[in-house]
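Peer 1: Got a structure for you, written out below as structure tokens; questions coming shortly.
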Amino acid sequence: MELNVRERERIVEVWLTKDESKDNRLRKKLRPIYSEYRRKKYTVAVFESGRDSLYNNVESLVLHNLKI
């Protein structure tokens, strides 16, 4: 797990590996952290490692955004 607090932007990033994202005990331990930063008016973003191809997903997203 990686936790990044970006003070200037008031954002907290939580990065979880595939195994960590499946671990319910870890998720329960993170809840107080989420609550603490929400009380401070921070946006909490949780990123979980995926199972799909990063290249294909980013390519699809970029192509979709170019159509808009």
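Readers should treat all values here as calculations from the given coordinates under stated rules, not as data from a laboratory. Being a predicted model, the structure only gives us computed values, none of them experimental. Please note: Cβ atoms are built from the backbone with ideal geometry, for glycine as well, and neighbour counts cover all protein chains shown.
Peer 1: Using only Cα atoms, what Kirkwood radius does the stretch 2-67 have, in angstroms?
Peer 2: The Cα-based Kirkwood calculation yields 13.7 Å.
Peer 1: Work from the charge dipole of the chain (Cβ charges, +1 for Lys and Arg, -1 for Asp and Glu, about the Cα centre) and give the residue of 30, 4, 53 farthest towards its positive end.
Peer 2: The residue sitting most towards the positive pole is 30.
Peer 1: Moving on. Counting only pairs 8 or more places apart or on different chains, how many lysine pairs in the chain have C-alpha atoms closer than 30 Å?
Peer 2: Count of close lysine pairs: 10.
Peer 1: If you don't mind, there's one more thing I want to ask. Have a look at 20, 36, 48 and tell me which one the Gaussian network model of the chain (Cα, springs below 10 Å) gives the largest fluctuation.
Peer 2: Maximum among the listed residues: 36.
Peer 1: Less than 12 Å Cβ to Cβ from residue 18, Lys/Arg counted +1 and Asp/Glu -1: what total charge do the surrounding residues give?
Peer 2: With Lys, Arg at +1 and Asp, Glu at -1, the net is -3.
Peer 1: Provide the FRET efficiency to the nearest 0.05 for the residue 58-residue 15 pair, computing r from the beta carbons and using R0 = 22 Å.
Peer 2: The computed FRET efficiency comes out at 0.85.
Peer 1: In whole percent, what relative contact order does the chain give with Cα contacts below 8 Å and a gap of six or more residues? Could you put the intermediate results ahead of the total?
Peer 2: On the way: 62 pairs, mean separation 22.1, N = 68.
Computed over the chain, the figure is 33 percent.
Peer 1: Nothing charged except the Cβ atoms of Lys and Arg (+1) and of Asp and Glu (-1): what's the magnitude of the dipole of the stretch 1-64 about its Cα centre? Round to the nearest 20 debye. Don't skip to the answer; put the middle values down first.
Peer 2: On the way: 15 positive and 11 negative charges, 117 e Å.
Here the stretch 1-64 has a charge dipole of around 560 debye.
Peer 1: OK, next. How much net charge surrounds residue 42 when only the other residues with a Cβ under 13 Å from the Cβ of residue 42 are counted, with Lys and Arg +1 and Asp and Glu -1?
Peer 2: Net charge in that neighbourhood comes out at +3.
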